[in-house]
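The structure appears below as structure tokens.
The values are calculated or read from the model by the stated rules, or taken from the named source; none is laboratory data. In this text, all values refer to a predicted model and were calculated from it rather than measured experimentally. Glycine gets a Cβ as well: all are built from the backbone with ideal geometry, and neighbour counts include every protein chain shown.
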Amino acid sequence: MDCGSVFGSLVQAPEDPILGVTVAYNKDPSPDKLNLGVGAYRTEEGKPLVLNVVRQAEQLLVNDQSRVKEYLPIVGLADFNKLSAKLIFGADSPAIQENRVATVQCLSGTGSLRVGAEFLARHYHQLAIYIPQPTWGNHPKVFTLAGLSVKTYRYYDPATRGLNFQGLLEDLGAAPSGAIVLLHACAHNPTGVDPTLEQWEQIRQLMRSKGLLPFFDSAYQGFASGSLDADAQSVRMFVADGGECLVAQSYAKNMGLYGERVGALSIVCKTADVARKVESQLKLVIRPMYSNPPIHGASIVATILKDSKMYDEWTVELKAMADRIISMREQLFVALSARGFLLIPLSLIFYSLVLVLAFKILSKDISISYLTGTPGDWSHIIKQIGMFTFTGLNSEQVAFMTKEYHIYMTSDGRISMAGLSSKTVPHLADAIHAAVTRMG
Ligand code: LMR
């Protein structure tokens, strides 16, 4: 309809597949509603968490009257950049000691990916970037809009709910020499499926032999296993061979700094001279995009990383978050496996109920699963790692769970385990059980 607006012909854009889940959740008046869509940590009480160590760092910053609000340099806070590189590559990394790493502060993981991708589109000879199938929904958009050409490699096997390692090797083996490859450093989003260290080593050998350029997305360092070093192993393996790579780091999850938008892009180069030139070109990417990054979040991170006492406190709080997520996995797995077994002792007592149930099962009025647990193998819930479980539920089952149980999750069946609590596990197990048995 012509309403006189120069934008009158616009069509309504759909909500973002991940952040739009929160929009729908916020509109739901049900007291039972549960948001397992966006990957954001919640406490056992279902509340967002600000780490104690972050509160302490903020207090120090507020009390420091010498602090001003001047612009940061285009590349961000120098201390933050140095400490971020040390965190991901390790304190004794030869690449850092030899000044071969160019690190720039960016707007969390997404901004780091975007700056890295724009840099590659301008200065790298290959525009093809191979991303895992599936991957975080924003990846293809970030890379396409930066000017790269997105291709996929096989990653997840729905049959095993694990890694399709053979497919991965075949697809990377067939990629053109020099192609960029996006790798999730740990806790693959959305599948929660990571290669083993032996598999990482094979991936590294294959990629180096073909001159493929690794671009790591490290959004969950320390958040997956609870150990900052263990979760950085894949990246460190690639850096240890002396080859080049890019790494996007985010502090959204591991320091809970979601809305502060704090992250870093590091480009590991062969020589210090190249790293200097790379940094100079990164500045030309950043300056026309957002000029220079915000100061607050990076100051919090730098305050924590440079003080050994605060750093130690952070690792304890981080491990507690990772452990709570692991415990949610176990509780959900047990809840699904144990379903029905609760009915067996009851049935011994209420013999007549057993007869009724038996009759109903025989007449196919009720599924046998009510006596033997939720149908299917749910062991992937405890095998997968990190914030998400890739349940294997299809979009109809997800829609059913949202409609009937007010459980919000992405339509690909991904559940944010960090949004669950001991109190809400039974509700989720009920919903999954009903979805599988009724929408199977
Ligand atoms: C997610 O995958 O839920 C997070 O990385 C948040 C986001 O920005 O999508």
Please go through segment 127-147 and pick out each residue that is surrounded by fewer than 17 Cβ atoms within 10 Å (Cβ to Cβ) and under 15 Å from Asp194 (Cα atoms).
Gln133
Of all residues in segment 24-41, which are surrounded by 12 or more Cβ atoms within 10 Å (Cβ to Cβ) and either near the ligand (Cβ under 9 Å from one of its atoms) or at pLDDT below 95 (or both)?
Gly37, Val38, Gly39, Ala40
Selection over segment 398-425 where residues are touching a Leu at 6+ places or on another chain (Cβ under 6 Å) and either outside the structural domain of Ala335 (by TED's automatic domain parsing) or farther than 15 Å from Ile381 by Cα (or both) yields a count of 3
Considering only residues that are more than 13 Å from the ligand (Cβ to nearest atom) and either in a strand (DSSP E or B) or touching an Asp or Glu at 6+ places or on another chain (Cβ under 6 Å) (or both), which ones fall in segment 244-268?
Cys245, Leu246, Val247, Gln249, Ala264, Leu265, Ser266, Ile267, Val268
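Here is a yes/no grid of residues against (1) within 26 Å of Pro294 (Cβ to Cβ); (2) away from the ligand (no atom under 16 Å from the Cβ); (3) surrounded by fewer than 21 Cβ atoms within 10 Å (Cβ to Cβ); (4) without any contact (Cβ under 8 Å) to a residue 40 or more places away in the chain:
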{"residue": "Ser66", "(1), (2), (3), (4)": "yes, yes, yes, yes"}
{"residue": "Pro73", "(1), (2), (3), (4)": "yes, yes, yes, no"}
{"residue": "Ser149", "(1), (2), (3), (4)": "no, yes, yes, yes"}
{"residue": "Gly167", "(1), (2), (3), (4)": "no, yes, yes, yes"}
What pairs come out if I take residues in segment 214-238 that are more than 26 Å from Leu127 (Cβ to Cβ) and at pLDDT below 95 and pair them with residues that are assigned to a loop (DSSP other than H, G, I, E, B) and among the small types (Gly, Ala, Ser) whose C-beta lies under 6 Å away, six or more apart or interchain?
Ala224/Ala187; Ala224/Gly386
Could you list all residues from segment 134-171 that are over 20 Å from Gln205 (Cα atoms) and among the small types (Gly, Ala, Ser)?
Gly137, Ala146, Gly147, Ser149, Ala159, Gly162
Qualifying helices (runs of 4 or more DSSP H) (wholly inside segment 314-403; at least 2 residues being more than 27 Å from Thr43 (Cα to Cα) and either more than 16 Å from the ligand (Cβ to nearest atom) or modelled with pLDDT of 90 or more (or both))
343-349, 351-362, 369-372
Looking at segment 306-313, is at least one residue crowded, with 21+ Cβ neighbours inside 10 Å and either over 27 Å from Val239 (Cα atoms) or assigned by TED's automatic domain parsing to the domain that holds Gly109 (or both)?
no
Taking segment 1-14 and keeping residues closer than 18 Å to Lys141 by Cα and either of a type in the set (A, V, I, L, M, F, W, C) or in the same structural domain as Trp136 (by TED's automatic domain parsing) (or both) leaves Ala13
